[in-house]
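Report on one structure; see the data block that follows.
The values are calculated or read from the model by the stated rules, or taken from the named source; none is laboratory data. Predicted model, so just to flag it, every value in this text is computed and none were measured. When we count neighbours, we look across all protein chains shown, and the Cβ atoms used for this are built from the backbone with ideal geometry, even at glycine. The area values use the complete protein model at the heavy-atom level, side chains included, leaving out ligands, DNA and RNA. Shrake-Rupley method; radii C 1.70, N 1.55, O 1.52, S 1.80 Å.
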Amino acid sequence: MHIEALKLQQVLVFLVAAGLVVPLISRLRVSPVLGFLVVGLVIGPYGLARFTEMVPWLRHAVIGDVEGVRALAELGVVFLLFMIGLELSLPRLWSMRRLVFGLGGAQVVVTGIVIGAIAACFDNTLAAVIVLGACFALSSTAIVVQLLSESRRLGTSTGRVSFAILLMQDLAVLPILFLVSALAAQKGGSTVLAFLWAMTQAALAVAAILLLGRLVIRPLFRMVGKTASREMLLALVLLVIIGTAVGTSQIGLSMALGAFLAGLLFAETEYRHAIEVDIEPFKGLLLGLFFVSVGMGLDITEVVREPFWIAASVAGLVLVKGAILYALTRLFGEPRSVAAESALLLAQGGEFAFLIVGLAHSLAILPTRTSQFMLVVTGLSMLATPLLATLARRLGSRLETAESPGDTLNAGLPGDLSGHVIVAGYGRVGQLLGSVLDGHGLLHVALDNDMRLVARFREQRACTFFGDASHPDMLEKLGAGRAAALVVTMDSPQAAERVVAAARRQWPALAIVARARDPGHARRLIALGATSVVPETTEASLQLVERVLTGVGVPVDAARQIIDVRRDREEAEVAGPL
């Protein structure tokens, strides 16, 4: 990465685009991702920068050299992979193993073979066929995850399936990069042996990084955590992310892999959520820069030179990849609505295609003309993704509506639903909880007896169902026996007590978190089997007290400590004998 190539003028142009232009585009109800892509196309070397000789003042508003921007934009993908690793604990990965390694693995292999076979029909060499099939099997994690997050759909069935496939694709990047290097290094030897040796070296390097992280980084974070300095903690987090990414790049692995490993190191620590909150703004800004750099790389003259083949290739990629994704997703038991929406969401090329094609070109596996053509196809397919996402959502809604009434419940749920959260009562508290779970990519299903409310959220493709949560049969249909937790947020104290009692009788090991009206109600819920309760009057009072303390001059940390002590005392009283 050549950060020295970055110029202050380029940073200013990007910040103007991010702070002024993209918000204006968003007000037109256009996705920010599409806004960044279009802005990159306009201000890049193939856009307005072409006219700087005729209009000299344009030099201050465009970016003619994309290399410096790409150097910084690469950090956007690094932070994205770190956040994915942070969200992905080993237990969660194991719970999703069928979708990640089964569906995701099948998608990468089958799509790679089919697209490789198509590439072979155009007189490409065997090495080029392998490279093209492998890189076009991948989709854009950055764009799809961002679009799902914007629409608060990461926690839905479609989000879960898409995330699992994307995760497997991200894990496949490393073997693909090694395969490209092995193809280039082949000189009468065995490509398979060279690939296996490269993967062995990579596995040893990954194991060493994870071991070093457990022995050094985690104890170091605990030591810094004792200082209670948020600034020091953030500095150490940034050091670990960038340091691990640079370290892996120095030993021949990708920077994104290093960041992913760093995320895995922190996924099981007590600092996971604090790190996630602190890093999110960096990830969002740098991902925006990445999308701008993708738009800058689109050479419109290439499209003008071969408009038919470019358009046919983009359409062919979406149709072929989408058809394979739909067929495989249905084969793994997902309903038609989820399969169709996921297929369209993931039908584009991905950001790693730029890396793979660039590496293949530098190693003389792909000729220059083929490389540029494929990069334009990839970029245009990524540019079309927000529009495809809108189409996917509408198609998914129509297919779900077409499901038979008796199959409505099962149609919205994945067949191997597990590790999810069941929200009983989807009023204001339940909706807030659902929004937070969606924002963190955690699957939840909601149950409410207000038919109008359920219908409204079903139109938004949320996993919300009509029914009485006090009936064990209804909870059984929502996978209560495999759920991570049941959260009871009902307004009615009596209804909440019935749900807690019924769920505890049926599932003794299920974690039940309940909302209570007051301490007396909380004690009754605990007696009926709730794992933990949150008395809303007590919590509201504690938050009010904290605001008062900070308002009269008590330091924030001291006020928080006072409230934590009082909260512990209140919880102890609730958990005590009736």
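Observations on the structure shown:
- Ordering of 327-340, 518-531 by packing is 327-340, 518-531, highest average first (other Cβ atoms within 10 Å, averaged per residue).
- In Å², nearest 10: area of H420 left accessible to a 1.4 Å probe: 0
- Separation between Cα centres of the stretch 326-396 and the stretch 461-505, rounded to whole Å: 39
- Length gained on full extension, A509 to R222, computed as 0.36 nm times the residue gap minus the Cα-Cα distance: 100.2 nm.
- With K and R counted +1 and D and E -1, the other residues having a Cβ less than 12 Å from that of V144 yield a net charge of -3.
- Between I512 and L486, T531, S532, the built amide H atoms are under 5 Å apart, and every one of these is 5 or more places off in sequence or on another chain.
- Cα gyration tensor category, rounded, prolate or oblate, for the stretch 437-527 with a/c compared to 1.5: prolate
- Where C121, C463 fall by accessible area, highest first, once all protein chains stay in place (1.4 Å): C121, C463
- Of the residues L391, L432, ranked by 1.4 Å probe accessible area with the largest first, the sequence reads L432, L391.
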